[in-house]
1. Once you place label points 7 Å from the Cα toward the Cβ at residue 37 and residue 18, how far apart are they in nm?
2. If you add up the charges near residue 21, with Lys and Arg at +1 and Asp and Glu at -1, over every other residue whose beta carbon is less than 13 angstrom from its beta carbon, what do you get?
Amino acid sequence: MTSRELQNAVGKVTGMIKVLVPKDSNDAKVKYVCPMCLKGKDTVEEWKKPFSVKCGFCGHNMKLPKLLAQFKKEKKVQQAKNG
Ligand SMILES: [Zn+2]
């Protein structure tokens, strides 16, 4: 399970995306809040890299570049803040 904040065009974090890929599956269960139109949805997409999800409301393409690397980094930063 991974979770990312999404920035809109002006660099504000207004959306988020969570992706869950079961180990024996190519389906990614996605829950997102679009950073552009602020609408949210649960959906199932085919898991592929690079992974991206198109907003079902406004068509904004939400990409997850270097997802795991960045996720690890963010986790480290959070731990540094907490500790
Ligand atoms: Zn949207």
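1. The answer from the label model is 2.2 nm.
2. Neighbourhood net charge equals +2.
Computed from the coordinates by the stated procedures, all read-outs in this text should not be read as laboratory data. Note that this is a predicted model, so its numbers are computed, not measured. All Cβ positions, glycine included, derive from the backbone under ideal geometry; neighbour counts span all protein chains shown.
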